[in-house]
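The values are calculated or read from the model by the stated rules, or taken from the named source; none is laboratory data. The shown structure was predicted, so the numbers you read here are calculated from the model rather than taken from an experiment. Cβ sites come from the backbone with ideal geometry, for glycine too, and all protein chains shown count toward neighbours.
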Amino acid sequence: MPARKRTTVPKLIGYLVRLAALVVMGLVLVAYCRRDDMRDWMVDDTKFAREIRLAAKRYGLEPALVRAVVFQESRFDPFIRGGKGEVGLMQVLPEGAVADWARNRRVKRPGASQLCDPVLNLEIGCWYLARGMRRWSGYRAQTELALAQYNAGESRADRWKPASPDGTVVDRIGIGSTRQYVTRIMKRYRKYRESMK
């Protein structure tokens, strides 16, 4: 009977090092491909729960929806600034939602630093979102249309509305980033609603 080759300790260590390197490379690849998921996992989405609940209630919105919008817009960072001038938790635009809110309330428009206050930012963002919800109240896809309006404006949302109030809207959204925005918020909104039961 031929002698069995024995695996030496150095060879075994070499195999283990290669295996560990492959595992690390795989993890790096997964982390790179899923970096948004990794970043999302690290967000404390319980911050500002009371403020969200109060602002949502004031405007007849579900707290789970507002929470999902805040997650998508700012990951609960009240000081974040967007590339187009958006500010705070709900990424309100000083020249857009903020100006409309101030005009409606007959108050002086708040400055950018004031918009970092979570209570004020949620007040304006919820007011603006509720306006969209009222605008699309006759549609089955009311929430999706209101979110599209929040993200891309009323005139674009108007172009994307379904021919019939019973129709769907997500596939009609002509801007990929807005379609993704609406889809992500709706997914998180359903998750939050389920967790609140």
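Overview of values
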item: Out of 38, 42, sole residue that is at pLDDT below 95 and surrounded by 11 or more Cβ atoms within 10 Å (Cβ to Cβ); result: 38
item: Residue selected from the range 175-197 under the condition β-branched (Val, Ile, Thr) and assigned to a helix (DSSP H, G or I), by the criterion nearest to residue 153 (Cα to Cα); result: 178
item: Count - residues of the range 55-84 that are within 20 Å of residue 189 (Cβ to Cβ) and without any contact (Cβ under 8 Å) to a residue 12 or more places away in the chain; result: 1
item: Listing of helices (runs of 4 or more DSSP H) fully contained in the range 91-164 that carry 1 or more residues being more than 19 Å from residue 58 (Cβ to Cβ) and at pLDDT 95 or above; result: 99-105, 142-152, 154-160
item: Number of the exception - residue 87 against (1) farther than 18 Å from residue 186 by Cα; (2) over 15 Å from the mean Cα position of the chain (by Cα); result: (2)
item: Selection count, the range 160-187, where residues are within 20 Å of residue 93 (Cβ to Cβ) and loosely packed, with under 13 Cβ neighbours inside 10 Å; result: 1
item: Selected residue [surrounded by 20 or more Cβ atoms within 10 Å (Cβ to Cβ), in the same structural domain as residue 80 (by TED's automatic domain parsing) and without any contact (Cβ under 8 Å) to a residue 24 or more places away in the chain] from 141, 146; result: 146
item: Test: residue in the range 46-69 that is farther than 21 Å from residue 144 by Cβ, under 13 Å from the mean Cα position of the chain (by Cα) and not in a helix (DSSP H, G or I); result: no
